Amino acid sequence: MRLLSIIIISFSILISTGCSKGSQINGRSFKTALKSVKMIKGRLPQEQRVAFELSFWAIRAAYRKNSEFLDIVGGKSADELIEAGKEVFAKRKAEGFEEYQQYANWDEMMTKYAQEREAQNIKKKHEPRDAENSVLYKL
């Protein structure tokens, strides 16, 4: 009977942990927020990743105090964070933030950063000569 109760308790803890807010940012600390952002970003489609990441860091740049920042991002889903990032962009652009002045709107900034990310992700072609220059030796 004792074994059965241990199994039931373990199973219920596993289910509650697995079904918890996996698609929301954990705002308990900055470290947990970074971990949850990394996890959520990995699950997003490619076209949303750049907007999600830039929104997170735009909000962080605007709110340097951890408590204030974590109150804003804590519990937000990817779409909610992107909307908050758009609001921060509009607010800081209106205030005259120099980095945002080069963009007419949020979509233009996203297009630029998405193109840069795509250029970084282009894989270089392997040349046959590279195989000859390997540091791995056949024994």
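Values quoted throughout were computed directly from the atomic coordinates according to the rules given, and no laboratory measurement underlies them. Just so it is clear, the structure is predicted and the values come from calculations on it, not from any experiment. Positions of Cβ are generated from backbone atoms using ideal geometry, with glycine treated the same way; all protein chains shown enter the neighbour counts.
Pairs exceeding 25 Å between alpha-carbon atoms, taken from Lys38/Lys93; Lys91/Lys112; Lys41/Lys65; Lys38/Lys65: Lys38/Lys93.
Modelled this way, with points 7 Å down the Cα-to-C-beta line, the labels at Ile8 and Ser23 are 3.2 nm from one another.
In the stretch 21-120, a dipole from Cβ-located charges (positive for Lys and Arg, negative for Asp and Glu) runs towards its positive end, and of Ser29, Thr111, Gly96 it is Ser29 whose Cα lies farthest in that direction. Modelled spin-label separation between Lys31 and Ala61, with each label point placed 7 Å from Cα along the Cα-to-Cβ direction: 2.7 nm.
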